[in-house]
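Worksheet: the structure to be examined is printed underneath.
The values are calculated or read from the model by the stated rules, or taken from the named source; none is laboratory data. As the structure is a computational prediction, the values presented were derived from the model and not from experiment. Heads up, the Cβs are rebuilt from the backbone with ideal geometry, glycines too, and the neighbour counts pull from every protein chain shown. Side chains included, ligands, DNA and RNA excluded: accessible areas come from the protein's heavy atoms. Shrake-Rupley method; radii C 1.70, N 1.55, O 1.52, S 1.80 Å.
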Amino acid sequence: METAHDAVDDVPAGTRPVIMSDRESDIVDVFVDAQNTSYDVRVRGAWDRRLTDHPARYLWAAVEAAPVLGSGVIDVPRQEDHPLRKARLAARTTTVPLRPPAHRRADGLNSATIGVVLAQEIDPPEGASPIRWLLFTTLPVETLSEAQQIVPW
């Protein structure tokens, strides 16, 4: 989080930066910090987290229960033995209250409310692993348009 703070210190006034991270940043502290400072985050999720005061109790169940908002097409970069291809992704979104781990609650860490996007590939080509991305953000993601902005980042 220190790096995020250093990065946003140089951002012009009136601009709210978005810090992009991969799975190593899937920690509740990151979301709490972003909500209490002047930046937003988009993090690729790694864990099926417990939720606070939510009927689903766990994050994956909550987002999988959300309706599909629609779909969009992205380019999937070439990999060693797979050529560049297009993928159609269905998007689901929800907003959930993350429950901090017990040891962090004992330290006084509060829960964080985050937006979640689940992007799943529809009809992947034979032999290709279907794309299934779970993305967390402090930005609003209630519409297909908002989800389509978050996914390619």
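Descriptive notes on the structure:
- Qualifying residue in segment 102-123 (condition: in contact with a helix residue (DSSP H, G or I) (Cβ under 7 Å, 6 or more places away or on another chain) and small (Gly, Ala, Ser)): yes
- Residue pairs meeting the criteria (Cβ under 7 Å; at least 6 apart or on separate chains; first within 13 Å of GLN120 (Cβ to Cβ), in segment 65-76; second open to solvent by 80 Å² or more (accessible area, probe 1.4 Å) and among the aromatic types (Phe, Trp, Tyr)): none
- Filtering PRO17, PRO12 for residues that are more than 14 Å from the chain's Cα centre (by Cα), surrounded by fewer than 17 Cβ atoms within 10 Å (Cβ to Cβ) and either farther than 23 Å from PRO152 by Cα or small (Gly, Ala, Ser) (or both) leaves a single hit, PRO12.
- Residue within segment 35-54 that is touching a residue at least 24 places away in the same chain (Cβ under 8 Å) and part of a helix (DSSP H, G or I) present: yes
- Options GLU64, GLU24: the member that is open to solvent by 50 Å² or more (accessible area, probe 1.4 Å), of a type outside the set (Gly, Ala, Ser), in a helix (DSSP H, G or I) and over 14 Å from VAL96 (Cβ atoms): GLU24
- Residues of segment 69-87 satisfying the condition of being under 20 Å from LEU118 (Cα atoms) and in contact with an Asp or Glu (Cβ under 7 Å, 6 or more places away or on another chain): LYS86, ALA87
- Residues that are surrounded by 10 or more Cβ atoms within 10 Å (Cβ to Cβ) and either at pLDDT 85 or above or part of a loop (DSSP other than H, G, I, E, B) (or both), drawn from segment 74-84: ILE74, ASP75, VAL76, ARG78
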